[in-house]
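Below is one structure, written out as structure tokens; comments come after it.
The values are calculated or read from the model by the stated rules, or taken from the named source; none is laboratory data. Model, not experiment: these values are computed from the prediction. Every residue, glycine among them, receives a Cβ derived from its backbone with ideal geometry; neighbour counts consider all protein chains shown.
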Amino acid sequence: MRTFVAIPLPPEGRTMLDGLQQTLRSFRADVKWTAAGSIHLTLRFLGEIDPSALPCLAGLLRAETSGAPPFTLRMHGLGGFPNLRNPRVIWCGLEGDLAQLAALQEKVASACRRAGFAPEERPFQPHLTLGRVRGKSKLQLLLDYIKIGSTLEHSFSVERLHVYQSTLGPQGALYTVLETIALKGG
């Protein structure tokens, strides 16, 4: 099963991103927008895993993150990967307790390595994926808005992470929570 570890967004954060995406959609650029209810902060993508590996992985994640306290992040600004000159992904940035986020992500990476998964080759770049660029049609107007006109500020508390299963379908990915790991350190 296709699996990843991520921080879920609270309902009010998803609502805010849905409103933002409505504005971004109005530019009619050739972008496949992520369903707001599916937006999350990925800590580690694992790809296809054997379902029998899930209990071990969940146990290691709980052990590694047992001392991690809840913390606060803030959605802030928009951008693109690899850059706004030729983006493939449109994203929402994050500010706030980024040191705690980085520490949590390292704990997740450590648990995944201990469970036998190869280390991630790319550095962790915290973001919320809003859409994937498919073509250049009407893209420049959207990018101009992102560069000069976009404002977004919303804080949310990070209190748990999930292990998700991702099932790809014609309407996009469907995410199912397989495990929930609460952050209760302090």
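Hey, can you tell me all the residues within segment 32-46 that are outside any strand (DSSP E or B), among the aliphatic types (A, V, I, L, M) and either within 11 Å of the chain's Cα centre (by Cα) or within 18 Å of residue 108 (Cβ to Cβ) (or both)? Scanning segment 32-46 gives a single hit, 39. Where strands (runs of 3 or more DSSP E) fall entirely within segment 114-186, those with at least 3 residues that are among the aliphatic types (A, V, I, L, M) and either in contact (Cβ under 8 Å) with a residue 24 or more places away in the chain or surrounded by 11 or more Cβ atoms within 10 Å (Cβ to Cβ) (or both) are at 128-133, 160-169, 172-182.
Filtering 73, 78, 94 for residues that are outside any helix (DSSP H, G or I), more than 30 Å from residue 135 (Cα to Cα) and either under 16 Å from the mean Cα position of the chain (by Cα) or polar (S, T, N, Q) (or both) leaves a single hit, 73. Out of all the residues in segment 91-112, is one or more acidic (Asp, Glu) and touching a Pro at 6+ places or on another chain (Cβ under 7 Å)? For segment 91-112, residues acidic (Asp, Glu) and touching a Pro at 6+ places or on another chain (Cβ under 7 Å): absent.
Kindly evaluate residue 87 against the criterion of being at pLDDT 95 or above, over 15 Å from the mean Cα position of the chain (by Cα) and assigned to a loop (DSSP other than H, G, I, E, B). Taking the combined requirement at face value, the residue satisfies it. Against the condition assigned to a loop (DSSP other than H, G, I, E, B) and either in contact (Cβ under 8 Å) with a residue 12 or more places away in the chain or not acidic (Asp, Glu) (or both), how does residue 29 come out, does it pass? Taking the combined requirement at face value, the residue satisfies it.
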